[in-house]
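Asker: I have a structure here, written as structure tokens, and I will follow up with some questions on it.
The values are calculated or read from the model by the stated rules, or taken from the named source; none is laboratory data. In this text, all values refer to a predicted model and were calculated from it rather than measured experimentally. Using ideal geometry, Cβ is built from the backbone for each residue, glycine included, and neighbour counts are taken over all protein chains shown. For accessibility, only protein heavy atoms count, side chains too; no ligands or nucleic acids. Shrake-Rupley method; radii C 1.70, N 1.55, O 1.52, S 1.80 Å.
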Amino acid sequence: MSNKGSLIVISAPSGSGKTSLANRALEELPKLKFSVSHTTRKPRLGERDQVEYFFVSEKEFEEMIEQDTFLEHARVYGNYYGTSRAFVDEQLSVGYDVLLDLDVQGAAQVKKSYPEAILVFVFPPSLEVLKTRLKNRSLDDPSIINKRLRIAKKEIQCYTNYQYLIINRKIEKSLVELKSIIQVSGCRLEKRKELAAEIINTFPGD
Ligand code: 5GP
């Protein structure tokens, strides 16, 4: 148990800056691995298969559900998204921390099956900032942006199911917070028990 990595879930409404934050943490923490999800969403401009996502058809995704491939999966904005159980378990067992970028439904499922997972929610500083970021990003057309804004309010209210809340005003400060959460997760007593026993055993006496 002590040398198993931590499972970290990060969620946020789109436009909160979550992806940039996650990417910076991944660059700066060599022990942290990102779990690339499967999705039936079409790739956006510049997205590469197996890098941002494994892009699969609905039929392939449904077969993977049947085969119990996913440790969690959900429909988000009309598309399927899912996390590979094998990848996560393997990385955790060799001692890596694993970062999952999930919607609120996925996070709730992970909390049930991995109660020791650390759940982090990222807020945008305000609705105005969220709107501007979504429009400037222009990855999606305006009807999708409006749909995302309507869903954002519902998603944001789920933050109480999480253990940590980062208000993403300045990425540098948010990064310090996220990295601290991840690093300190390895100091939890249940992660340190074997190491503690090894040290105690070197002490003289019964
Ligand atoms: P996007 O299509 O913008 O990349 O992601 C849309 C939403 O799907 C985001 O909220 C993201 O966190 C979520 N998401 C990405 N991968 C997964 C996954 O494997 N499972 C779940 N439940 N949500 C995911």
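Asker: Residue pairs, Cβ under 8 Å, 6 or more apart or interchain, first in the stretch 159-185 and over 13 Å from F123 (Cα atoms), second open to solvent by less than 50 Å² (accessible area, probe 1.4 Å) and of a type in the set (K, R). List them.
Answerer: S185/K191
Asker: Of all the residues that make up the stretch 88-103, how many are more than 8 Å from the ligand (Cβ to nearest atom), crowded, with 17+ Cβ neighbours inside 10 Å and not hydroxyl-bearing (S, T, Y)?
Answerer: Residues flagged as more than 8 Å from the ligand (Cβ to nearest atom), crowded, with 17+ Cβ neighbours inside 10 Å and not hydroxyl-bearing (S, T, Y) within the stretch 88-103 amount to 6.
Asker: Is it the case that A107 is farther than 21 Å from R137 by Cα and surrounded by fewer than 18 Cβ atoms within 10 Å (Cβ to Cβ)?
Answerer: Here the answer is no, as A107 does not meet what is asked.
Asker: If I go through the stretch 29-48 residue by residue, how many of them are under 16 Å from the mean Cα position of the chain (by Cα) and touching a residue at least 60 places away in the same chain (Cβ under 8 Å)?
Answerer: 7
Asker: Let me confirm something: among V9, V51, which residue is within 13 Å of the ligand (Cβ to nearest atom) and without any contact (Cβ under 8 Å) to a residue 24 or more places away in the chain?
Answerer: V51
Asker: Taking the residues in the stretch 12-33 that are assigned to a loop (DSSP other than H, G, I, E, B) and near the ligand (Cβ under 9 Å from one of its atoms) as candidates, determine which candidate is nearest to G186 (Cα to Cα).
Answerer: Only one residue fits best here, namely A12.
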